[in-house]
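One structure below.
The values are calculated or read from the model by the stated rules, or taken from the named source; none is laboratory data. Keep in mind that what you see is a predicted model, and the values were worked out from it rather than measured. Glycine gets a Cβ as well: all are built from the backbone with ideal geometry, and neighbour counts include every protein chain shown. For accessibility, only protein heavy atoms count, side chains too; no ligands or nucleic acids. Shrake-Rupley method; radii C 1.70, N 1.55, O 1.52, S 1.80 Å.
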Amino acid sequence: MKRLHIINLDGLAGTERMLIQFINSNMHDGDEDKILNINNEISHQLTGHLPKEKIIFPYRVFQNKTLKHPSFIRKYLLRRAIEKENPDLIIIWDLIPNWDKKPSCGKIIYYDHGNSWYFTKNAKTLNFFSMVDGCISASFASQRMLQLKFNLKCPIETVSNNIPHPHKIKTPKDISTKQITLGTASRLEPIKAVGVSILTTMELNNRGIDTKLYIAGHGSQEESLKKLVRKLNLVDKVIFLGFQKDLSEFYQNIDFYISSPITEAFGLSCMEALYNGIPVIFPMIDGQPEVIKHEYSGLGYMPTMTLDEYSELTDLKVNYTHQGYSPLEDKLVELKVPSYIDYADGIEATIKENKYLMYSYNAQAYTQEQCDYKQFNYLLKEKLSSFL
């Protein structure tokens with residue numbers, strides 16, 4: 001069987017991590033995998049992660065040079081590149097391809113990792129989904145988003161995201177009531193609401209709990225976040241680590257993982273935190289509760305701040321008009337930002353009530369029981385093959 005993966009390799013986030021893991025885990029399974037990169041280049045963050053011989057650039061005049069064809073013929077070029085490869089499965093990773101018509105070969109599978117939240121329900125989107133033979137969703141929340149927002153009738157198989165066992169994990173240990181370290185690792189983009197982590201750090205310090213925060217990642221709001229840190233006089237409390245190729249040391253140095261996105265289809269970084277026995281503080285939205293169990297391996301809170309309120313507190317703009325998924329109500333809802341007061345309350349209570357070590361052990365127990373990447377990989381291939 002031949003699988004052709006269509007993706008935009010412009011950076012390294014959750015979707016790209018999942019593709020890397022899939023390609024490298026199935027090198028010798030007897031099937032053939034090729035990657036069709038709709039970006040004309042590959043992000044430097046991906047260098048060395050994927051075999052060059054497996055990557056095709058449909059818009060380039062020559063495969064080894066970045067000179068590309070004019071935009072008006074790229075719809076045709078994309079379809080032609082697909083048909084030239086003649087795959088059995090065309091797996092589209094988290095995007096809507098721009099082609100002139102449905103390719104004449106292969107079954108088309110849309111693999112959703114969260115971009116369905118951002119797609120506008122218009123003629124282009126609905127036309128794309130009318131060509132799809134089936135979908136894979138990375139979480140139950142992702143499946144419901146596809147069904148509730150786009151009313152999809154094609155088969156949707158949910159295969160909950162997973163990651164290989166980290167090569168180095170932290171040994172659970174109790175924490176000091178006098179000093180704690182928070183951490184967050186994500187793209188520093190508006191949708192991640194990283195300002196909540198900074199506000200939580202401020203609030204805990206105001207309560208007399210010596211708190212530091214490590215932020216790993218790059219993004220468009222990095223300078224604005226640093227400006228907020230200076231404004232709140234937290235320069236000695238908040239450390240920006242930049243992009244981290246390996247996060248093992250990051251997890252070794254933190255006590256709580258702060259997840260504060262406005263929307264999140266699953267949460268791979270949260271799963272990695274749980275592997276390390278680090279309790280996660282998270283919003284009860286979208287796929288987050290599928291990864292972390294409230295009052296077992298972390299603490300979940302319903303977001304209560306409006307986007308405007310968050311912007312007023314932080315000077316960080318969030319231009320997001322789409323709806324999210326409420327797992328508690330099983331419906332689409334207006335999205336909000338989690339409250340830093342709730343987060344600080346939860347962290348303070350965990351420390352004072354001596355619950356930290358319990359959450360830490362529970363987090364690692366969960367990953368040992370539920371996180372089997374080999375089983376995930378087998379199930380994903382099985383579900384993909386079921387569409388043939």
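Key figures for this structure:
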{"quantity": "Amide H contacts of ILE156 (H built 1.01 Å from N, under 5 Å, at least 5 apart or other chain)", "calculated": "CYS135"}
{"quantity": "Between 0 and 90°, nearest 10: helix 373-385 axis offset from the chain longest Cα axis", "calculated": "30"}
{"quantity": "The chain - mean residue ellipticity at 222 nm from DSSP helices (-39,500 (n - 2.57) per run, n ≥ 4, rounded to 500)", "calculated": "-10000 deg cm²/dmol"}
{"quantity": "Dipole magnitude of the chain, debye to nearest 20 (Cβ charges: Lys/Arg +1, Asp/Glu -1, about Cα centre)", "calculated": "1280"}
{"quantity": "Whole-Å semi-axes of the chain's equivalent ellipsoid (Cα gyration tensor)", "calculated": "37, 22, 21"}
{"quantity": "Hz values of 3J(HN,Hα) by residue in the range 108-117 - Karplus curve (6.51, -1.76, 1.60), Gly and Pro given as x", "calculated": "9, 10, 8, 10, 8, 10, x, 6, 4, 5"}
{"quantity": "Where labels lie 7 Å past Cα in the beta-carbon direction, separation of ASN39 and GLN375 in nm", "calculated": "3.4"}
{"quantity": "Long-range HN-HN contacts of ILE6 with modeled amide H, under 5 Å", "calculated": "LEU36, ILE91, ILE92, TRP93"}
{"quantity": "Restraint check, LYS317/LYS355; LYS153/LYS245; LYS149/LYS293, Cα-Cα greater than 31 Å", "calculated": "LYS317/LYS355; LYS153/LYS245"}
{"quantity": "C-alpha long axis of helix 222-231 to longest principal axis of the chain, angle in °", "calculated": "10"}
{"quantity": "Potential extension, MET27-LYS226 segment - 0.36 nm per residue separation minus Cα distance", "calculated": "67.4 nm"}
{"quantity": "Unit charges on C-beta of K, R, D, E only; dipole of the range 136-217, Debye", "calculated": "80"}
{"quantity": "Three-way shape call for the range 209-258 based on the alpha-carbon gyration tensor, with the a/c threshold at 1.5", "calculated": "oblate"}
{"quantity": "Residues of type lysines that LYS237 reaches as a straight line, Cα spacing below 17 Å, ignoring anything fewer than 8 places off in the same chain", "calculated": "LYS178, LYS212, LYS226, LYS227"}
{"quantity": "Cα lying deepest toward the dipole's positive end in the chain, options TYR325, PHE119, PHE256, charges on Cβ", "calculated": "PHE119"}
{"quantity": "Computed FRET value (nearest 0.05) for THR304 with ALA365, which takes r as the C-beta separation and R₀ as 51 Å", "calculated": "0.95"}
{"quantity": "Rounded percent of accessible protein surface that carbon and sulfur make up, the range 285-379, 1.4 Å probe", "calculated": "46"}
{"quantity": "Environment charge of LEU379, counting only residues whose C-beta is closer than 13 Å and scoring Lys/Arg +1, Asp/Glu -1", "calculated": "0"}
{"quantity": "Vicinal HN-Hα couplings computed from phi for the range 209-215 (Karplus, 6.51 cos²θ - 1.76 cosθ + 1.60; Hz; Gly/Pro x)", "calculated": "9, 5, 10, 10, 9, 9, 10"}
{"quantity": "Principal-axis tilt of helix 340-352 within the chain, Cα atoms, nearest 10 degrees", "calculated": "60"}
{"quantity": "Peptides ranked, highest mean first, by Cβ atoms within 10 Å: ranges 94-102, 132-140", "calculated": "132-140, 94-102"}
{"quantity": "LYS107 long-range amide H proximity, modeled H, under 5 Å", "calculated": "LEU89, ILE90"}
{"quantity": "For the range 128-145, 3J(HN,Hα) per residue [Karplus equation, 6.51 cos²θ - 1.76 cosθ + 1.60, θ = phi - 60°, Hz, x = Gly/Pro]", "calculated": "4, 5, 5, 8, 6, 8, x, 10, 10, 10, 7, 7, 5, 4, 5, 4, 5, 4"}
{"quantity": "Set of lysines with alpha-carbon distance to LYS34 below 17 Å, sequence-local pairs under 8 removed", "calculated": "LYS2, LYS52, LYS54, LYS84, LYS107, LYS381"}
{"quantity": "Residues in the range 262-289 that a label on ALA349 would reach, taking backbone N under 19 Å of a point 7 Å out along Cα→Cβ", "calculated": "279-285, 289"}
